[in-house]
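The values are calculated or read from the model by the stated rules, or taken from the named source; none is laboratory data. This one's a predicted model, so the numbers in the text were calculated from it and none came from an experiment. Don't worry about glycine lacking a Cβ; one is built from the backbone with ideal geometry, like all the others, and counts go over all protein chains shown. Surface areas here come from the heavy atoms of the whole protein model, side chains and all, with no ligands, DNA or RNA. Shrake-Rupley method; radii C 1.70, N 1.55, O 1.52, S 1.80 Å.
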Amino acid sequence: MDPGTAAILGAAVGALGTGAAALASAWLGARAVRQQTAAQHLQADQQRQFEQARARREARSKAYADLIDLTQVVGTRVLEMNRSESYDEDSVRRVLEQLGELLSRSARVQVEGPVSLIASTDAIVKAVIACRKTLMALAVLPGAPPELRDEPRATLTQRCRADLKTLGGALDEFVKEARGVLGNDGA
């Protein structure tokens, strides 16, 4: 082989090798960029999911705390009425307004979820409605259920105490379940 042909052949092999190396390098670089982009998308999705879960947890936590706080306030006021056996119309009307707000807050909890809290929230609602009816009968307010209006005051007072105890039990169950929900990352 003459030196000119060898030089041309060597240059062609070198160019081919350089081209192959450049192609392989470009392919590996593109692959690395695709992997990095996929990893960044995955990380962004995870961050978005984390932020959504955090926002959901904060909203749920606030809704739960609002319901718990107002239930305790109402329970304390009704307990004070029971202890003094004083059910004046103005005090009862204020408590009835708070019971209405309590129903609104329980609806917010049901909207925030999860579904597993519906039963314990419903138990609070049922106890609130029973307490509301009994208080209306004790204060002789219009709209009190007819079957309660005819009951003796002592019976109504006992019934109110039982309603309050039911409300306390429903609240305890709700708190237990709410802790479980919030302890589970609010999912």
For the range 88-122, enumerate the residues that are buried (at least 16 other Cβ atoms within 10 Å of the Cβ) and among the hydroxyl-bearing types (Ser, Thr, Tyr).
Ser91, Ser106, Ser120, Thr121
If I ask for residues that are exposed (fewer than 15 other Cβ atoms within 10 Å of the Cβ), free of Cβ contacts under 8 Å to residues at least 60 places away in the same chain, of a type in the set (D, E, K, R) and more than 20 Å from Ser84 (Cα to Cα), which ones from the range 133-187 would you list?
Glu147, Arg149, Asp150, Asp172, Lys176, Arg179
Scanning the range 35-46 for residues that are open to solvent by less than 100 Å² (accessible area, probe 1.4 Å) and of a type outside the set (A, V, I, L, M, F, W, C) gives Thr37, Asp45
If you go through Ala59, Ala32, Ala65, Ala55, the only one that is farther than 30 Å from Glu101 by Cα, open to solvent by less than 70 Å² (accessible area, probe 1.4 Å) and hydrophobic (A, V, I, L, M, F, W, C) is Ala32
What do you reckon, is Gln72 open to solvent by 40 Å² or more (accessible area, probe 1.4 Å), in a helix (DSSP H, G or I) and farther than 30 Å from Cys160 by Cβ?
no
